[in-house]
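Encoded as structure tokens, the structure appears first; notes follow it.
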Amino acid sequence: MPRVFHKVELIRYTERPEEAVALAAKLCYSDSDIEGLREELSKKDTTAFIKKLVDMGHLSPIEHACFTFAIEGVSRALLAQITRHRIASFSVKSQRYVRAKGGFNYIIPPAIEALGEDAVKQFEQQMDTIYSFYKGWLERLEKGERGNEDARFVLPNAAESKMIVTMNARELLHFFSLRCCNRAQWEIRAVAWDMLRLVTEVAPALFSTAGPSCVRVKCGEGKMSCGLMEEVRRRHAELTSNCGA
């Protein structure tokens, strides 16, 4: 059963997302028709306007920009976290209909890897044992209509999941504020930073200040702060500079 590592890909997004947002926002304050607003926008750089919109907190127009990600090599533990973000669409590889033939992929937590080779080997052996449990239940339940869906109950949180996720820009700002924070769980934090990098490449004005609260103001975690605000800001600055924001 091979171990896997996460992979995030931006596979679809609203065409010219910042123009779509700017058009929607300007419509709120103009008596021009939509065609006139479109012609006006085609002649202007919308970057400053988009940044002003985000700074003002006028976020409903940015809901018109949507982004779809393919995410692989993540655990069922991550799935339980990311689906808490309810203003999103999820399509997930089913353990009910997709049988783990010949073993299942899994994720090894970095804290276990840090313990050394013996700890990793022990973890891998445990995954092998769990698969033997799963296989045994499949064989016993083979004649039943629900064998596969019931055998999966012994599979661990470490088992790999794959998904397609779509969020609009407003929900992404909220997602990044929580999941890019150092207090977020390591796996979803790594995925969130990858997602932030990808959307910043295609819509830098929309996401130039996206991330945990310490990117914009002081940390909102109070006594629970990680104390690494400057490090987080440097990482964010490097990301946005590389993306041309």
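The values are calculated or read from the model by the stated rules, or taken from the named source; none is laboratory data. If you're wondering where the values come from, they're calculated on a predicted model, not measured in any experiment. For neighbour counting, all protein chains shown are included, and Cβ atoms are generated from backbone atoms with ideal geometry for every residue, glycine included.
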_Matching residues in the stretch 6-25 - criterion: being crowded, with 18+ Cβ neighbours inside 10 Å and in a strand (DSSP E or B)_ = Val8, Tyr13
*Assess whether Val165 counts as being surrounded by 17 or more Cβ atoms within 10 Å (Cβ to Cβ), in contact with a strand residue (DSSP E or B) (Cβ under 8 Å, 6 or more places away or on another chain), not assigned by TED's automatic domain parsing to the domain that holds Phe123 and not in a helix (DSSP H, G or I).*
yes
*asked:* Out of Cys28, Cys66, I need the residue that is loosely packed, with under 11 Cβ neighbours inside 10 Å, hydrophobic (A, V, I, L, M, F, W, C) and out of contact with any Leu (no Cβ under 8 Å at 6 or more places or on another chain). Which one?
replied: Cys28
*Hey, any hits in the stretch 52-62 for a residue that's modelled with pLDDT of 90 or more, of a type in the set (Val, Ile, Thr), in the same structural domain as Asp194 (by TED's automatic domain parsing) and under 20 Å from Thr200 (Cβ atoms)?*
yes
*Unique residue being part of a helix (DSSP H, G or I) and at pLDDT 95 or above when the list is Asp118, Asp150*: Asp118
*May I ask you to list pairs of residues, at least six apart or on different chains, whose Cβ atoms are under 6 Å apart, with the first in the stretch 201-224 being farther than 20 Å from Cys66 by Cβ and assigned by TED's automatic domain parsing to the domain that holds Leu53 and the second being at pLDDT 80 or above and among the β-branched types (Val, Ile, Thr)?*
Cys214/Val232; Arg216/Thr209
*Please work out which residue is surrounded by the fewest Cβ atoms within 10 Å (Cβ to Cβ), limiting yourself to the stretch 114-150 and to residues that are closer than 25 Å to Leu78 by Cβ and either assigned by TED's automatic domain parsing to the domain that holds Glu72 or of a type in the set (Lys, Arg) (or both).*
Lys121
*Checking Leu172 against (1) in a helix (DSSP H, G or I); (2) among the hydrophobic types (A, V, I, L, M, F, W, C); (3) under 27 Å from Asp45 (Cβ atoms); (4) without any contact (Cβ under 8 Å) to a residue 40 or more places away in the chain, which test does it fail?*
(4)
*Do you know which residues across the stretch 181-220 are closer than 22 Å to Ile108 by Cβ, assigned to a helix (DSSP H, G or I) and out of contact with any Phe, Trp or Tyr (no Cβ under 8 Å at 6 or more places or on another chain)?*
Trp186, Glu187, Ile188, Arg189, Ala190, Val191, Trp193, Asp194
